[in-house]
1. How high is the relative contact order of chain A, in percent, with contacts defined as C-alpha pairs under 8 Å that are six or more residues apart?
2. In straight Cα distance, which lysines are under 30 Å from B:K345, not counting same-chain residues fewer than 8 positions off?
3. So which aspartates and glutamates can A:K97 reach, going by Cα to Cα under 17 Å and dropping same-chain residues fewer than 8 places off?
4. When the Cα centres of region A:225-262 and region B:240-281 are compared, how far apart do they sit, in Å?
5. Give me the net charge for the shell around A:P103: Cβ to Cβ below 15 angstrom, other residues only, Lys and Arg +1, Asp and Glu -1.
6. Cut-off is 10 Å between beta-carbons; in what order do B:R197, B:R128 appear when sorted fewest neighbours first?
7. Assuming 0.36 nm per residue, please report the length gained on full extension of the stretch B:A174 to B:R426 beyond their Cα-Cα distance.
8. Compute, for chain B, the length of the dipole vector about the Cα centre, with Cβ point charges of +1 (Lys, Arg) and -1 (Asp, Glu) only. Units Debye, rounded to 20.
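Each value in this text was obtained by applying a stated rule to the coordinates, not by laboratory testing. Just so it is clear, the structure is predicted and the values come from calculations on it, not from any experiment. A quick note on method: Cβ atoms are made from the backbone with ideal geometry, for glycine too, and the neighbour counts reach across all protein chains shown.
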Amino acid sequence: MSDIRNSNPGGEDYEPQISASGTDAVGLAAGGSAAPLPTEDKSYSQGQLVARRFFRHRGAITSMIVLGLLVVVAFTSIGVGPIPGWWPKDYTLQYDKIGDGAPTWEYPFGQDTGGKDYFALVMRGTQFSLIIAFSVGIVSTIVGTVVGALAGFYRGWVESVLMRVTDVFIIIPLLAVAAVLGRMAGDSGIWGLALVLGLVTWTSLARLVRGEVLSLRERDFVLAARAVGTGAWRIITRHVLPSAVGVIIVSATLSISSAILLETSLSYLGFGVQPPDTSLGTLIHDYQAAFSTRPWLFWWPGIMILTIALCVNFIGDGLRDAFDPRQNRTKD
Amino acid sequence: MLKFILRRIGVSALVLLGASFLMFILVINSGDPLKDLRESNAQNREQLMAQRAELLRLDDNPFERYWDWLTGVAGCFTGSCDLGVTINGVDVLGLTQQAAASSLRLITLATLLAIVVGVALGILTAIRQYSGFDYVVTFSAFLFFSLPVFWAATLLKEFAAIQYNNWIAVGQYAPTTIVVAALVVGFVLQAVLGGTRRRRLVTGVGAFAFVAVVLFVFNALDWWRNPTFGLGGVLLVSAAAGVLVTALVAGLRNRRVLYAALTTSVVGTVAYLAFAPLLVNQPSWLLLAGLFVLTLLVSAGIGAAWGGFARRQAMLVTGITGVITSILVVADILIANWSSFLGIKSRPISTIGSQTPNFTGDFWEQVLDMGTQILLPTVLLTLVSVATHSRYTRSSMLETLNQDYVRTARSKGLSEREVIVKHAFRNALIPITTIVAFDFAALIGGAVITEQVFGWKGMGALFQDGLNAVDPAPVMAFFLVTGIAAVVMNLVADLAYAALDPRIRR
């Protein structure tokens, strides 16, 4: 490593080196929040500070806009349930094929082998995948937070039992247990699937929250709350958890992106969403053989998954920087 | 320390037991094992159903069935393994041995590569925080762990395997390709190495010229179809590796260590010359393993002999150099066999299976065949893990680089190498070990999908077919292998943790 470091003339020179091309090409990556906050007379609350740091993260903001657009398009284009959307074609009907079904202005994502409009199909898959991903995120966050908070706060046998249960779930490969449960829940539709996936993906959050609570419960403000006779439940919900909110929010965001990857993988293997429901993973599974002849059938769902997961990951990264700006300060 | 290990093993065993019970109950309740028979029109349907119910013991109490499975597994400790039979009456133990061999080969290789590449990238991006290089790596990391594995696998098949196979039939780079490749290498290198503008320019231009010339020469020699590396190449690269490792671990000013590393390279090359007839004429895995152990012993011996006051450092450096040299030796033999391998298999990179069916060739050609089969799944699994590892390493490094003891180390005048390698990196490694162990479990999940896409008959297929048929024995065998592997990985991580962090040794 010495040869690497020697390239800096002073050896002590630790200024960040932002090459012009680098920031332009991928300013998305970590961007903005590096700059120190201006010192003004106006004072900000903790929440405002976090929001300001978050909005400086260009990658996160771009991702938020893209993801927002995607959600709006997915839900309004073909409508939800009985409410019709603005897209004229239906995903169940087979239309006359134009040529071999390659994308045209009429069918922007092309048509499948039977002539179905692929845009409508992909939008439907996106809807289902988004619904599942967000539900899984919510369920796993609730379970993980509760388990972690109880284990960290009560210690003793509660902690031992809960953490051993967590270990049990950690040791079974996530994909395996999710596949088994997904198969069992397959008949109860996507809500059942979302619920069981949420029930197996909470383990990492539980560990994180426990660690956070373990250190928070020794703080003076918790001691003060105890001293005035506050009940355990109130201490956890009003004093401990609000201080751990950064960890929880960041982890919840990232769990959404892993949920969408888990769900699509399961559906691809045939253990996830069952027909007549569909998801982006099912679409790839159904059309992967068509890659050499009709590549668009393969590209669109994959790009959708990638876009959603990438956006959610960037938002999570922006949130992490916003809640915990220590990491982004340059070394001094 | 021993007590600590034993306690960890005990707890893990209990957790494994609980998990296996949970898994067993879930699997047998996951569907209807008689479904295909219920829908069949066979004359003897009732009889077949009764037969299968008898085989799977569907009428028995689930606890009894679990207990019997458990006693069968416990038999492994006394030498009479019984993992049950599949729904078709095939013995699961045999299936598992085959499947585990190919799956664990894939997973282990991917893990090792991911650790080396990921940690190295993480350190480099942390040292060059907010550089162009950092942004590129960060963005790629995000891209790779947002990538659906099954989708990327199909892309890799198409663009890496099929296109490469088309290309190797000719084996010549177009001049534009060479220029672009050289430009990319030059650009990346100057971004990584950094320094003043002039220094970066020199680095970039030098790398560009080197790569371009090498590629043109290779083209002219038809190197890609008839590659050679040779003894000189082994010696040169191994010596370079020795110098690099010395520079990282001990610093070039420590002459004893430097000479030890160079001695190892020379001895390794001479040993290659001595053993070459044996390696070419009567190769076997046993011979390779034996020579590898010998290499380690001799290298450590050289380190100890040269070491003096820096014995431990010298032994570490010579050990690493020895390992690199032996890898180079194997690579040299494989490269020499490449053109004859191309003669047998004209489209070398395959997209299906873990071995080419009916492949006949000598030992080295078979190794090459295995290598070309394992290449794509490994690349895929590695990419995803590299993304995680590099991110964690980066943030962990940044955290330690901000610590007061690093400032102290700098202010007392240590060289940048010592500050980064000894003070920052060693402490940054502590959280990384935990992540690596956790990630191993994620890799197993990834392997299930990768095996499915690449048509490997591994643990993934065992699991998938078993679950489809609601057949507990193969699914539990999958769980047993992956569960034990995960426990072992966690134990290794704990040991590494204890070695790195004296505070937790009890």
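1. Working: 437 pairs, mean separation 76.6, N = 332.
Across chain A, relative contact order equals 23 percent.
2. Reachable lysines: B:K157, B:K457.
3. A:E106, A:D112, A:D117
4. 54
5. Working: positive: A:K89, A:K97, A:K116, A:R294; negative: A:D100, A:E106, A:D112, A:D117.
That sum, taken over residues with Cβ under 15 Å, equals 0.
6. Least crowded to most crowded, the residues run B:R197, B:R128.
7. 86.2 nm
8. Magnitude of the dipole: close to 2760 debye.
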